[in-house]
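Working notes for the structure below.
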Ligand SMILES: Cc1ncc(COP(=O)(O)O)c(C=O)c1O
């Protein structure tokens, strides 16, 4: 495998230095929590090797009240990132074929590239409301297709793909004896409609992935998971995990359990915050002149772009000035292999005050560079 560092990681706020950024509109998560803010007592925790699949009470909490999933259908990993790595490296060899929806979270494309497998990309277009073209996916299937990869709720557009479309993709995977990977890392940030069960419930051909990073503001404990009802495949995934890290940090698992155990109360509070910020964001968007968007439906990000009449604007300059003069950042399009006139704006991480100031900064910076 040949690894390449991705722009989204090289230019990430944590790599640039959080202390250089005052208005962080680049994050796709909620604000990071403090360990002191949660009532978890780790004093008596034995620091042994944890259960390889992940501590049972955590896996039970992950499966929620599902009557279909069992705790053996769940593998805890170091963040969703490791789940995605395990899925790609277990299912894909250089002679295998993958269909992946783009834009996407970098790893969903970059790890298959590192494996050097045969990749077909299905792009989502602003002009088509970032809808997945199912016919395009269908037409790309080959005998060597092992995996179809989507993210839902979608990063960076904030789209929530329709249940019928998801079902069609599941059927397609079943018919062609391949797997559907659904990166559901943003599922608990679904603040406008009812939370649906994990898509892995529908079929053993589906692998769902999620984590506590985005919805619980706890990316630093590195706890994520994958879910699949195919016991043989889960055995292979466990073998991969054992070769990468054996088990998770038991400290991280205990904290993640605490968060999931208190999920209802935590999410109620964070959804109220997201709704308030989103209401403001929509008002701001309606009155500004430079950008157009496909309004996001779920999660805390959207992917607007410059209106065509401003295509002359040097976006490199905008991003540089925004950071250096306004201590403000957004996620530029090239993080997602898109043109720099697109940008991901995260509206859940900042406080309402920070969001207001950050959006104003973006507006003033666009005026300065454009006019
Ligand atoms: C769609 C998606 N999947 C996975 C990840 C990785 O998350 P984690 O911190 O759980 O590894 C991210 C992080 O940005 C993401 O956006």
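Read-outs throughout are calculated quantities, based only on the coordinates presented, and are distinct from any laboratory measurement. All values derive from a computational prediction rather than experimental measurement. For neighbour counting, all protein chains shown are included, and Cβ atoms are generated from backbone atoms with ideal geometry for every residue, glycine included.
Key figures for this structure:
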read-out	value
Neighbour-count order for 1, 343, fewest beta carbons within 10 angstrom listed first	1, 343
Estimated inter-spin distance, residue 288 and residue 18, nm [label 7 Å along Cα→Cβ]	2.4 nm
Calculated FRET value between residue 2 and residue 261, using beta carbons and R₀ = 51 Å, to 0.05	0.80
Ascending count of other beta-carbon atoms within 10 Å, so fewest first, for 363, 235	235, 363
Acute angle (nearest 10 degrees) that the helix 231-244 long axis makes with the longest principal axis of the chain, alpha-carbon atoms	70 degrees
Label-point separation in nm, residue 114 to residue 194, each point 7 Å along Cα→Cβ	4.0 nm
63, 43, 282, 269 arranged by Cβ crowding within 10 Å, fewest neighbours leading	43, 269, 282, 63
Inverse mean reciprocal Cα-Cα distance (Kirkwood Rh) of the range 43-262, Å	17.6 Å
Between the range 144-177 and the range 260-305, the alpha-carbon center distance in angstrom	24 Å
Degrees, to the nearest 10: 352-370 long Cα axis against longest axis of the chain	50 degrees
R0 of 30 Å, Cβ-Cβ distance residue 165-residue 275: FRET efficiency to nearest 0.05	0.70
Kirkwood Rh in Å, taken over all unlike Cα pairs in the range 36-142	17.3 Å
The chain, helix-only ellipticity at 222 nm - DSSP H runs n ≥ 4, -39,500 (n - 2.57), divided by all residues, nearest 500	-11500 deg cm²/dmol
Helix 250-261 axis, angle to the chain major axis (alpha carbon atoms, nearest 10°)	70 degrees
Part-to-part distance (alpha-carbon centres) for the range 332-371 and the range 1-80, which is given in Å	26 Å
Gain in span if fully extended, residue 245 to residue 71, counting 0.36 nm per residue against the direct Cα distance	60.6 nm
